[in-house]
Structures are given as structure tokens and as C-alpha cells.
Amino acid sequence: MARYRGPKTKKSRSFGQSIYGFDKSFERRKYGPGEHGNKRRRRQKSDYAIQLMEKQKAKYTYGVLERQFRNLFEKASRKGGVTGEVLFQLLESRLDNTVFRLGLATTRRQARQLVSHKHIMVNGVVTNIPSCLLRPGDIVSVRNKSQGLEVIRDHVQTKAEARKFPWLEFNSDKLEGRFLEYPTREQVPENINEQLIVELYSK
């Protein structure tokens, strides 16, 4: 299945929360999508359906494909520690997500595009793989040729101060950030129940 490129608000309404950030359209219609809107009576969901929805929510939030997500879960389950927390640490350490968290892009989708178009470097090397996993100490920076891009400069000046995360360090003058450490689950702001995902894959 290809990456989702459909209406963001419709997808958020299906999950009952704005998974792509603040959305005026979602705030006006916080009920499920469909012809009959909030008038339609909905059946009580099974445990499996609730677990599946939570996994789908995580996938769409981070913009990860099914196989990628499954591989990350298997990698998390092989590591020591709580599987759900390790899964989020791996998701947060993705290069596209880090570019987004640093404030170099307005959305993860835009961050993925910046990486794919070779505007981003990791430890001084141009990297065009959005799924690249960072390690503590890695430095993420904007390529010299790309530092004048309006889309990056404008966003850094207006939004970067509002996006500060304890596991990241950012220098707006150099357009350079450092991945300091893997975040704890409490530090990650996403409203996702990782335990339901673990239960789904453990069946």
C-alpha cells in the first residue's frame, strides 16, 4: 500500500483526534466522516478493532508504511526494555521526524520531502533516506546550498521557538540540531496508547 496522501481532516475525524497537528476543519467537526456525520449510530468496537485503530493512528501520525512499522516493532521487541517505549524511541529517532521536531518543516510530510530532495545532512553527509534512524550524538543540519531556502528560513524564524524537546538541541543560526538521547515515553507528546499496539502484534 502506498503512503497516504488523501484528506488529512477526514483521516483525523476517523480517529477522533487531530493526528497531524492543529486543524480548524477538525475542530468544527469532531465526529466521524461519512454521509450522515454524527447522526449515525456506531456499534461498540471489539478489542481487536480498538488495537488496530491505535496501530493505524501511529502509522498515519508518523507517516510510516505497514511493512516499515512492522519491522520497527520487531526491532523494538528484540531490544531490552519496554517494547512500547522502545518503539516510540525508534519512531522519534527517524530522520524525517527529527527534522520536523527541530522546526525545519511544518509537517512530517514536508520534512520527508526536504530529506528526499537532499537538503538535509547527518554528521556532515547528505542523506536522502527519511527512515534513517539517528543515534545519540548525531548532528542534523541543513545543507549549505539549501540554507537560503525560503520554506526553511521562514519556518525557523516563526515556529522553532515553540518546538523545544528535551532530547533535541537546535542552533537556529547554524540551522543545525543534535539528537542528544532517546526520549522517554512521557516526553513524546503523541496521544497514542502503545500498549494496545503491543497487544495487537502479540496475538
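What number of residues within region 170-203 are surrounded by 15 or more Cβ atoms within 10 Å (Cβ to Cβ) and in a strand (DSSP E or B)?
Selection size over region 170-203: 5.
Filter region 47-82 down to the residues that are touching a Ser or Thr at 6+ places or on another chain (Cβ under 8 Å) and surrounded by fewer than 18 Cβ atoms within 10 Å (Cβ to Cβ), then identify the one that is farthest from T184 (Cα to Cα).
Filtering region 47-82 for residues that are touching a Ser or Thr at 6+ places or on another chain (Cβ under 8 Å) and surrounded by fewer than 18 Cβ atoms within 10 Å (Cβ to Cβ), the one farthest from T184 (Cα to Cα) comes out as Q68.
Would you please name the residue that is farthest from L134 (Cα to Cα), looking only at residues in region 53-68 that are without any contact (Cβ under 8 Å) to a residue 40 or more places away in the chain and touching a Phe, Trp or Tyr at 6+ places or on another chain (Cβ under 8 Å)?
That would be M53.
Name the residues in region 98-153 that are of a type in the set (V, I, T), at pLDDT below 90 and in contact with a Leu (Cβ under 9 Å, 6 or more places away or on another chain), would you?
Those that are of a type in the set (V, I, T), at pLDDT below 90 and in contact with a Leu (Cβ under 9 Å, 6 or more places away or on another chain): V151, I152.
Okay, residues lined up against (1) part of a loop (DSSP other than H, G, I, E, B); (2) in contact (Cβ under 8 Å) with a residue 12 or more places away in the chain; (3) on the phi > 0 side of the Ramachandran plot:
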{"site": "E74", "(1), (2), (3)": "no, no, no"}
{"site": "G84", "(1), (2), (3)": "no, yes, no"}
{"site": "L87", "(1), (2), (3)": "no, yes, no"}
{"site": "V99", "(1), (2), (3)": "no, yes, no"}
{"site": "T106", "(1), (2), (3)": "yes, yes, no"}
{"site": "I129", "(1), (2), (3)": "yes, yes, no"}
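Filter region 108-119 down to the residues that are assigned to a helix (DSSP H, G or I) and without any contact (Cβ under 8 Å) to a residue 40 or more places away in the chain, then identify the one that is surrounded by the most Cβ atoms within 10 Å (Cβ to Cβ).
Checked region 108-119; the qualifying residue surrounded by the most Cβ atoms within 10 Å (Cβ to Cβ) is V115.
Looking at region 168-187, which of its residues are without any contact (Cβ under 8 Å) to a residue 12 or more places away in the chain, assigned by TED's automatic domain parsing to the domain that holds G137 and of a type in the set (D, E, K, R)?
Those that are without any contact (Cβ under 8 Å) to a residue 12 or more places away in the chain, assigned by TED's automatic domain parsing to the domain that holds G137 and of a type in the set (D, E, K, R): E169, D173.
Tell me which of these V140 doesn't satisfy, since it passes every other one: (1) outside any loop (DSSP other than H, G, I, E, B); (2) surrounded by 13 or more Cβ atoms within 10 Å (Cβ to Cβ); (3) not assigned by TED's automatic domain parsing to the domain that holds L114.
Tallying (1) outside any loop (DSSP other than H, G, I, E, B); (2) surrounded by 13 or more Cβ atoms within 10 Å (Cβ to Cβ); (3) not assigned by TED's automatic domain parsing to the domain that holds L114, V140 fails exactly one: (3).
The values are calculated or read from the model by the stated rules, or taken from the named source; none is laboratory data. Everything quoted here is computed from the prediction, not taken from an experiment. Here Cβ is always computed from backbone atoms with ideal geometry, including for glycine, and neighbour counts include all displayed protein chains.
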